[in-house]
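Here's the structure we're looking at; comments come further down.
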Amino acid sequence: MSPKTTTRRSQMRVAIVGAGVMAEAMITGLLADRAVVADHLAASHPRRDRRENLAERHGITVVAKNADALRDADIVVLAVKPQMLARVMRDVGPALTESQVVLSIVAGATLRTLTAGLDHPAVVRAMPNTPSQIRRGIAVWAASSACTSAQRELARRVLRAIGHEKEVADEALVAMATALSGTGPTYLFAVMEALVDAGVHMGFPRELAHDLVVETLIGSAEYAAASELHPAQLRNLVTSPGGTSAAAIYELEKGRIRTVFSDAVWAAYRRTLELGEALEREVEPATGSR
């Protein structure tokens, strides 16, 4: 069965289960894009102070019970911590209707875990990243085979509210994206910290070193996106024979920088798979008793 659709984009109805930081970024983006009106957006959270804050800031409906947020929703977003997922799915699953699609941004939660834990076939697994909080994120997502084209479009519209989105046919790429783009800001923040500290060591005031590094990273990323050149080509353009860049690159290569980054990404990927396996084990006993 296809989901309820209307001719006006603003009439999409969205329910968000677990109204944390990433969920609030979605709320802000959806309202700013007018992809949904406040009256058609509901969120659940166990803490009263958090519910009151969300209602005051965004004018949306907020509820204490997860299942209460789902009423009349076209798409239900699961935005809870992995350790809470099994319990939340037990709350939410029985309240889902056939027309609703579930969009999960829970790290490690596979389509198999979601469909089994919710006893619901139409699910989408997505992995956004931290810049989503300023609507500059990138989300990679995959849909279960039961999702209709209309349900996929609902997921796409929600994810576009927090930045860019890339749909993939192979769910394994979502797990890989968790290690690359999902965890990616962590790598770059570590690079930023190291460069700022190096600047302070040379004699820069910390605030000035911070601004120089941040603007350099932003400008370099925007330049790379605009040029569409391979990173190696961009690096060669600024590496003169016997120059400062050549001296710096020599030291970076001596420090095995490529290997270290590769090892970090693989470590994050392995941890993603471990989280997924743990969630599957947690869901299996509950589904087996049905």
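In table form, for the structure just shown:
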{"quantity": "Residue count for segment 121-132, restricted to those that are outside any loop (DSSP other than H, G, I, E, B) and farther than 22 Å from LEU180 by Cβ", "calculated": "1"}
{"quantity": "Test: residue in segment 58-70 that is in contact with a Ser or Thr (Cβ under 6 Å, 6 or more places away or on another chain) and open to solvent by less than 10 Å² (accessible area, probe 1.4 Å)", "calculated": "yes"}
{"quantity": "Checklist (1) among the aliphatic types (A, V, I, L, M); (2) without any contact (Cβ under 8 Å) to a residue 40 or more places away in the chain; (3) within 16 Å of LEU159 (Cβ to Cβ) applied to ALA67, failing item", "calculated": "(3)"}
{"quantity": "Segment 69-78: number of residues that are out of contact with any strand residue (DSSP E or B) (no Cβ under 6 Å at 6 or more places or on another chain) and modelled with pLDDT of 95 or more", "calculated": "1"}
{"quantity": "Residues of segment 240-273 satisfying the condition of being part of a helix (DSSP H, G or I) and open to solvent by 90 Å² or more (accessible area, probe 1.4 Å)", "calculated": "THR244, TYR250, GLU251, LYS254, ARG258, TRP266, ARG270, ARG271"}
{"quantity": "Restricting segment 187-239 to residues that are among the hydroxyl-bearing types (Ser, Thr, Tyr), closer than 23 Å to ASN129 by Cα and without any contact (Cβ under 8 Å) to a residue 60 or more places away in the chain, the residue that is least open to solvent (accessible area, probe 1.4 Å)", "calculated": "SER220"}
{"quantity": "Scope segment 148-186; condition touching a residue at least 40 places away in the same chain (Cβ under 8 Å) and assigned to a loop (DSSP other than H, G, I, E, B); matching residues", "calculated": "THR148, ALA161, ILE162, GLU171, THR183"}
{"quantity": "When residues of segment 155-171 are limited to those that are closer than 23 Å to GLN100 by Cβ and open to solvent by 10 Å² or more (accessible area, probe 1.4 Å), the one farthest from the chain's Cα centre (by Cα)", "calculated": "ALA169"}
{"quantity": "Residue count, segment 129-145 (criterion: open to solvent by 50 Å² or more (accessible area, probe 1.4 Å) and under 29 Å from THR97 (Cα atoms))", "calculated": "1"}
{"quantity": "Among the candidates ASP39, ASP91, residue that is surrounded by fewer than 20 Cβ atoms within 10 Å (Cβ to Cβ), farther than 27 Å from THR178 by Cα and not β-branched (Val, Ile, Thr)", "calculated": "ASP39"}
{"quantity": "Some residue of segment 28-36 being open to solvent by 10 Å² or more (accessible area, probe 1.4 Å), part of a loop (DSSP other than H, G, I, E, B), farther than 19 Å from GLN133 by Cβ and not hydroxyl-bearing (Ser, Thr, Tyr)", "calculated": "yes"}
{"quantity": "Among the candidates ASP170, ASP197, residue that is within 20 Å of LEU275 (Cα to Cα) and of a type in the set (Asp, Glu)", "calculated": "ASP170"}
{"quantity": "Segment 86-105: number of residues that are in contact (Cβ under 8 Å) with a residue 60 or more places away in the chain and within 28 Å of ALA32 (Cβ to Cβ)", "calculated": "6"}
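The values are calculated or read from the model by the stated rules, or taken from the named source; none is laboratory data. What you see is a predicted model; the values in this text were computed from it and never measured. Don't worry about glycine lacking a Cβ; one is built from the backbone with ideal geometry, like all the others, and counts go over all protein chains shown. All accessible areas refer to the heavy atoms of the entire protein, side chains included, with ligands and DNA or RNA removed. Shrake-Rupley method; radii C 1.70, N 1.55, O 1.52, S 1.80 Å.
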